[in-house]
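Below is one structure, written out as structure tokens; the observations come after it.
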Amino acid sequence: MGNVVKFEAQGKAYQLSLIERDGGKWVTAQQAGEAMGVKNIRDLIGGLKESGELKAGKHYRRVILQKRTRGNPNTLVLSYRGVIRVAMRAQGSRARLFRDWAEDVLYQVMMTGSYGTPRHLGPNQLEALLAHARREAMFRGIALAEVLRDFDRDKIAKIIHFRRMGLSQIETARALQVPQDQIKRLERRLRQVDIHFDPVIANKRDKMIRETLIENLLVQPRLPMRAEGGAR
């Protein structure tokens with residue numbers, strides 16, 4: 001085992017032990033899962049492996065830890081890139097906090113060897129941080145471009161607005177007359193680029209719009225039918 005780095009969130013601290021192998025640093029999948037609040041971390045990793053998102057040797061590997069004496073001696077560990085790929089698919093508020101922390105603190109510890117503010121970094125470390133920031137921005141840009149290609153932009157804006165006003169997925173789907181599965185799929189894609197749907201009712205106008213929408217959805221008035229050739 002190498003050094004230990006701690007992730008603190010929601011009043012608790014989560015320890016990640018750094019494991020050094022072949023000149024690189026790794027963390028156990030179990031500790032990473034606990035830190036980001038994912039109970040079924042192995043299932044999540046398994047799904048990403050099947051889809052080709054995680055590659056052996058680059059994103060994950062199995063190592064033998066000296067202190068492990070019971071059960072399977074192999075321990076599943078993740079590289080920094082593996083941690084980020086898994087964290088981008090994790091759901092929940094703690095996972096979101098973990099991603100922010102990992103992109104800053106964990107990156108510096110695992111990729112540059114130490115953590116410090118930019119004024120304490122050498123030229124090479126600072127260049128590495130800038131390159132990482134560019135890669136992350138490019139990744140999010142590509143992911144967002146794919147979302148905009150697959151979904152109508154006006155509809156995306158309305159979904160985000162309605163959800164942040166507090167409408168449920170079902171209410172939003174009914175208001176826009178689209179399948180609920182489409183709302184779920186879009187939200188899952190947008191979370192990958194850090195666009196979330198925490199309710200934020202900005203002003204009285206939004207509150208009135210929300211109440212009117214919900215009222216209309218509950219009433220669901222039917223349009224009057226007109227007999228062919230008859231009076232309106």
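General observations
- At most 10 other Cβ within 10 Å, DSSP loop - trypsin sites (Lys or Arg not before Pro), region 14-56: K39
- Modelled spin labels at N40 and D22, positioned 7 Å past Cα toward Cβ, are 3.1 nm from each other.
- Principal axis box of region 4-115, alpha-carbon based, largest edge first, Å: 33, 31, 26
- Over 20 Å (Cα to Cα) - which of K58/K184; K6/K49; K6/K55; K25/K58 fall in this group: K58/K184; K6/K49; K6/K55
- Estimated distance in nm for a label pair at I170 and Q30, the labels positioned 7 Å out from Cα along Cα-to-Cβ: 4.0
- Modelled label reach - F151, point 7 Å along Cα→Cβ, region 86-109 residues with backbone N closer than 17 Å: 89-92
- Applying 1/(1 + (r/R0)^6) with r as the Cβ-Cβ distance of V63 and E103 and R0 = 41 angstrom yields a FRET efficiency of 0.95.
Since every read-out is calculated from the coordinates, none of them should be taken as a lab result. Here the structure is a predicted model, which is why all the values come from computation and not from measurement. Don't worry about glycine lacking a Cβ; one is built from the backbone with ideal geometry, like all the others, and counts go over all protein chains shown.
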